[in-house]
Amino acid sequence: MADLGRAALLVTFGLVVYALVAGALAARSRRRRLALSAQNALFAAFLSTLVAAAVLLVALARRDFTFAYVAAHTSRSLPLGYALSAFWGGQEGSLLLWLLILTGYAALAVWLNRRNRDLVVWVVPVLGLVATFFAFMLCFVSSPFVVAPAPGDGAGMVASLQNPYMLAHPPMLYLGYVGLTIPFAFAMGALLSGRTDERWIVATRRWTLAAWTFLGVGQLLGAHWAYVEIGWGGYYAWDPVENAALMPWLAATAFLHSVMIQEKRGMLKVWNMILVALAFLLSLFGTFLTRSGVVNSIHSFSQSPLGGWFLGFIAIMTAFSVALIYWRLPLLRSKTKLESLVSREATFLYNNLLLVALCLTILWGVMYPLLTEALRGETRSVSKPYYDFFLHVFGLPLLLLMGIGPLVAWRRASLRALGKTFLVPLLAAVVTGVALIALGFGSSTPGLLAYTFSAFVAASIVLEFQRGTSARHAIAGESYPRALVSLVGRNRRRYGGYIVHAAIVLLAIGIAGSSAYQTVREPAHGLRKGQSMEAAGWTFVYRGLTTHQEADAQATRATVDVYRGGSHVTTLHPGKNWYPVEQQTSNEVSIYHDPRSIGDVFTIADQIDPKSGVLFLKVLVKPLVNLIWVAGFVFVFGSVIAMWPDAVEQRRLAERYAPAAASART
Amino acid sequence: MSVALVLGAVLAVVAVLLVARPFLREPSPVEDTLVEPDELDRRRLELVEERDRALAALKELEFDHRTGKVSDDDYRALVGPLRRRAAEALRALEPRAEARHERSEAGTPEGTPKGQ
Amino acid sequence: MIALSVAAALAVFILYTAVVGGATTQLSPSQLQGHTGHVSLVGAVVGPVTGDAHAASGLRFRVKDVSGASTVTVPVDYHGSVPDLFKTGRHIVVAGQVRNGIFVGDNGTLVTKCPSKYAPAKTTSS
């Protein structure tokens, strides 16, 4: 069966090379049937990749240990769900997942745009190019279908990966990463075809939004996973692997905003090309970072053959994009200029600069150890203080801009008009700020600023909805609830966008509360039975230890009674699991979700001495942290609204772009 | 093993068939050239986008004015130029439509071949 | 365009100062010789591991280079949280300073690294 998998991948390879070569030839010499043939090659590539994926899935389900990959990542005792998730647990499988999603997206994107012939004819070879790399890797460098004498049992899956997050987080991220290839391909296709119109943007708008949403959700899932399973008390550690997903997401956020300016004013065409290429290249880089372990040391880079190939491909695609943009620079130059530094265009521009600046500082932080090692022979690295500094310097103004942007008119806003629209949100912010200082939140300046800015943004979003609803109510005579629904229905992108902004506000508040205002109590000495410790008004009394047997682990738990102001609130059971097969311990944290602070009381059994019963308990009180997860749901809700197909708009766009056929018939 | 071989062969055949399909369906077509938008079409598209942009900007200005984001003075100052731009874009599109009509009347082959 | 370049220049300046100010040097045991300042030690744990990270004497172990032929090992004395994945053979990073021939780790800075796995495995006091 591994032979079938290998054969299927070879077929895919042949097909995508054909799509690249024949597609490029067809585009250059305007040959219709050849262009269609190249398109079909992409559809067929999806089919053959699907066959290869099916072969791997079946092998994983059956624990066919003749597949070296299955032997390395599963074991007989592994539950089926996790055995299947081992598909993306290793390097070869995750490359196959990449290719599967890529060919799937490519087939869909090309099929949906099949009437847009003169654009698609160039998109096909670009997609073929990207797919060729991954197919090549899978066939000749890193194959999931290597066979070897089957061992008695497989190596199993690391204990910390055996949880539902393993089923959701990687696929979500990949759906996001790969999704950024589509707008890139359409952008490059537009440049190759010499088109100056916005059709490529219109065609890929929802793709970009969807990929961006998947990437965002994937990251939140990862953060939640780290929070509850790895359990050190945080959700983001600025680890290179985490940054790998954040960077393309930031670039994509910038792109989502600046294309709006291109649509409305015809400006920033070159910038948008650069951004879409940056987002794509960063998604490749992110995959490379996650899979090659290169950032730990430039020496581990050479241990995996993947590293060199990936870097080479990224270099080629970078050169390709730069050359293409440079070649078409004359076509991209627009006549429109920025009329005023106080206009919505300007705020979008500032937003873009801040997002890209943040993205680049993270990139610099990730690359820094590699560069210093290569150039000076001495590895220097940056950590949390560096990232936090820039998160504050760039992130806080970004937060504020989210509130300012919608209040400013296009083209030019007079200061008097600004004064009027700013009044209420500004008041809300000042009142909040003063109240917070009075309540003692001045202890953290970034935290205070985050809360105050959030109040400003929240007020401006609410005002937007209120003003729009009132206007509709006045014009159409609808009742307020109906007016709200039809307002959103008619302006899905705008109001969906506002809901997404609201999600970001929640995220900001949650992050500020749980980092700037958290209380951490490290165990200075161990607790004996009956002893207690205190943190932020909570008292923790250690009652004793219990042990029990779980499916494949020996679980030790400490019983800790939690009191607030004298009354018993809950009992928590932090502890550790010991996995005899893997010879590993895992931390099992115990969390209490406090409704009053929308936060968590987080307990970690840092160290347990089973003989003496002494417990070293670490406690974190994190206010408002649950807003982060709530923000995730609001984020998806807003995105879905923004993406929702609008029949009226579809008709108008169809009419705009299809008249060549219509006029031919007249 | 032979099952794998058969399936693999089937897959390869399906792939080749899909790729060859356009050639098999039309072994000797009348026209095998991809229609490229000519200068007229491109210009037209540019103007259409310009028109849509101007109209959308007007609509947004009205909405912003109604919801109080744009003051009366600003509205009065901005609406004139915007209306003029929209009118210009609409006017620019008219002679294009006429020109294309004339061209198709004269019998210049301009059609997108049907079918995939 | 001008605005962009000004922004870029500013960014570079901020970056430079921040990085120079905030970066720590990462050294492997073979490179540690002679460094007396505050650094991050990267290496693989060599047994025997004795002591208790929460006791006064601290957790004691030795560290050697992750890769390469060097046989230099450095003794480490650490207090604070110990990640679950810590054991002999693991790759770790710990911040601290050499004092009297022993690398004294900063409280809570011991971190394990597992480059080939998905989840970043570590504990940090954040």
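Nothing in this text is a laboratory measurement; each read-out follows from the coordinates by a stated rule. Everything numeric in this text was worked out from a predicted model, so none of it was measured. Here the Cβ is made from the backbone with ideal geometry for all residues, glycine too, and neighbour counts use every protein chain on show.
Taking H as built 1.01 Å from N, whose amide H comes closer than 5 Å to the amide H of B:E36, not counting residues under 5 places away?
none
Whole-Hz Karplus ³J(HN,Hα) for the stretch A:19-32, in order, using 6.51 cos²θ - 1.76 cosθ + 1.60 and θ = phi - 60°, x for Gly and Pro?
4, 5, 6, 5, x, 5, 4, 4, 5, 5, 9, 6, 9, 5
Looking at A:A429, A:P481, A:L281, which one has the Cα that reaches farthest to the positive end of the dipole of the protein assembly as shown (charges on Cβ: Lys, Arg +1; Asp, Glu -1)?
So the residue we want is A:P481.
Cut-off is 10 Å between beta-carbons; in what order do A:F637, A:F133 appear when sorted fewest neighbours first?
Values: A:F637 15, A:F133 22.
Fewest-to-most ranking of A:F637, A:F133: A:F637, A:F133.
Taking a ≥ b ≥ c as the square roots of the Cα gyration tensor eigenvalues, with a/c under 1.5 meaning rounded and otherwise prolate when a/b beats b/c, else oblate, which class fits the stretch A:181-321?
Working: a/c = 3.03, a/b = 1.49, b/c = 2.04.
It is oblate, given that a/c is not under 1.5 and a/b is not larger than b/c.
Please report how far the C-alpha centroid of the stretch A:453-479 lies from that of the stretch A:85-156, rounded to the nearest whole angstrom.
The stretch A:453-479 and the stretch A:85-156 have Cα centres spaced 46 Å from each other.
Across chain A, where is the longest run that never hits GluC sites (Glu not before Pro) in a DSSP loop with at most 14 other C-beta atoms within 10 Å?
Working: sites that count: A:E339, A:E378, A:E550.
Here the longest segment lacking exposed loop sites spans A:1-338.
Which percentage, to the nearest 5, of the DSSP beta bridges contained in the stretch C:25-113 is antiparallel? Working shown, then result.
On the way: 25 of 29 bridges.
For the stretch C:25-113, the DSSP antiparallel bridge percentage is about 85.
According to the square roots a ≥ b ≥ c of the eigenvalues of the Cα gyration tensor, what is the shape class of the stretch A:116-211, taking rounded for a/c under 1.5, prolate for a/b larger than b/c otherwise, and oblate for the remainder? Each step should come with its number before you reach the end.
Working: a/c = 5.46, a/b = 1.94, b/c = 2.81.
Judged from the Cα gyration tensor, the stretch A:116-211 comes out oblate (a/c at least 1.5, b/c at or above a/b).
Can you give the charge dipole size of the stretch A:234-357 about its Cα centre, rounded to the nearest 20 debye, using +1 on the beta carbon of Lys and Arg and -1 on the beta carbon of Asp and Glu? Display every interim value, and only then the final one.
Numbers: 9 positive and 5 negative charges, 117 e Å.
It comes to approximately 560 debye.
What's the extension gain from A:R596 to A:V640 if we count 0.36 nm per residue and subtract their Cα-Cα distance?
On the way: separation 44, 0.36 × 44 = 15.84 nm, distance 3.05 nm.
My answer for the length gained is 12.8 nm.
Given axes a ≥ b ≥ c from the Cα gyration tensor, I'd like to know whether the stretch A:520-623 is rounded (a/c under 1.5), prolate (a/b larger than b/c) or oblate. Kindly include the intermediate steps, with their values, before the conclusion.
On the way: a/c = 2.08, a/b = 1.59, b/c = 1.31.
Prolate shape, in that a/c is at least 1.5 and a/b is the bigger ratio.
What are the ³J(HN,Hα) values, in whole Hz, obtained from phi via the Karplus relation 6.51 cos²θ - 1.76 cosθ + 1.60 with θ = phi - 60°, for each residue of the stretch A:372-385 in sequence order, with x given for Gly and Pro?
5, 5, 5, 8, 10, x, 10, 7, 10, 9, 10, 9, 2, x
Give me the net charge for the shell around A:L572: Cβ to Cβ below 10 angstrom, other residues only, Lys and Arg +1, Asp and Glu -1. Let's see the in-between values first.
Values: positive: A:R557; negative: A:D561.
Its environment carries a net charge of 0.
Quick one: if you take sqrt(5λ) for each eigenvalue of the C-alpha gyration tensor of the protein assembly as shown, what semi-axes come out, biggest first, whole angstrom? The partial results should precede the final answer.
On the way: eigenvalues 505, 286, 119 Å².
Result for the protein assembly as shown: semi-axes of 50, 38, 24 Å.
Using Cβ contacts closer than 10 Å as the measure, can you line up A:V366, B:V70 from fewest to most? Spell out each step's value before the answer.
Details: A:V366 25, B:V70 28.
Fewest-to-most ranking of A:V366, B:V70: A:V366, B:V70.
Please list the non-local residues whose amide H lies under 5 Å from the amide H of C:G58, H modeled 1.01 Å from N, same-chain partners needing a gap of 5 or more.
C:D52
In percent, how large is the relative contact order of chain A, given Cα pairs closer than 8 Å and 6 or more residues apart?
9 percent
Give the calculated FRET efficiency between A:R651 and B:E31 to the nearest 0.05, with a Förster radius of 35 Å applied to their Cβ-Cβ distance. Don't skip to the end; give the middle numbers.
Working: r = 30 Å, r/R0 = 0.85.
The pair A:R651/B:E31 has a calculated efficiency of 0.75.
Any idea what the dipole of the protein assembly as shown comes to, in debye rounded to 20, about its Cα centre with Lys/Arg Cβ at +1 and Asp/Glu Cβ at -1? Intermediate values should be presented prior to the final figure.
Details: 82 positive and 60 negative charges, 325 e Å.
Result for the protein assembly as shown is approximately 1560 debye, rounded to the nearest 20.
Would you mind computing, in nm to one decimal, how far apart the modelled labels at A:V228 and B:L58 are, each placed 7 Å from Cα along Cα→Cβ?
Distance between the two pseudo-spin positions: 5.4 nm.
With θ taken as phi - 60° and the coefficients 6.51, -1.76 and 1.60, list the Karplus ³J(HN,Hα) couplings across the stretch A:172-179 in order, rounded to whole Hz; mark glycine and proline as x.
4, 4, 5, 4, x, 3, 5, x
Along the Cα-to-Cβ line of A:I316, 7 Å from the Cα, sits a label point; which residues in the stretch A:106-147 have backbone N less than 11 Å from it?
A:129-137
Describe numerically, in nm with one decimal, the distance between label points set 7 Å from Cα along Cα→Cβ at A:R62 and at A:H548.
3.9 nm
How much length, in nm to one decimal, is gained on full extension between A:L108 and A:L329, taken as 0.36 nm per residue of separation minus their Cα-Cα distance? Before the final figure, lay out each step's value.
Numbers: separation 221, 0.36 × 221 = 79.56 nm, distance 2.99 nm.
Net length gain for the segment: 76.6 nm.
Can you tell me which aspartates and glutamates have their Cα less than 16 Å from the Cα of A:K264? Leave out same-chain residues fewer than eight positions away.
Excluding near neighbours in sequence, the set is A:D197, A:E198, A:E339, A:E345, A:E649, B:E46, B:E49, B:E50, B:D52, B:E60, B:E62, B:D64.
From a point 7 Å beyond the Cα of B:E88 in the direction of its Cβ, which residues of the stretch B:35-61 have a backbone N at a distance under 16 Å?
What the label zone holds, given the 16 Å backbone N cut-off, is B:46-58.
Starting from the Cα-Cα distance between A:A155 and A:H392, subtract it from 0.36 nm times their residue separation and give me the gain in nm to one decimal. If you can, show how the numbers build up before the last one.
Details: separation 237, 0.36 × 237 = 85.32 nm, distance 4.38 nm.
Answer, rounded to one decimal: 80.9 nm.
Report for the protein assembly as shown the percent antiparallel among DSSP-assigned beta bridges with both residues inside it, nearest 5.
Numbers: 77 of 81 bridges.
Of all bridge pairs located within the protein assembly as shown, approximately 95 percent are antiparallel.
Please give the Cα centre distance for the stretch A:47-63 versus the stretch A:193-230, rounded to the nearest Å.
27 Å
Please give the Cα centre distance for the stretch A:237-267 versus the stretch A:501-522, rounded to the nearest Å.
Centre-to-centre distance over Cα atoms comes out at 22 Å.
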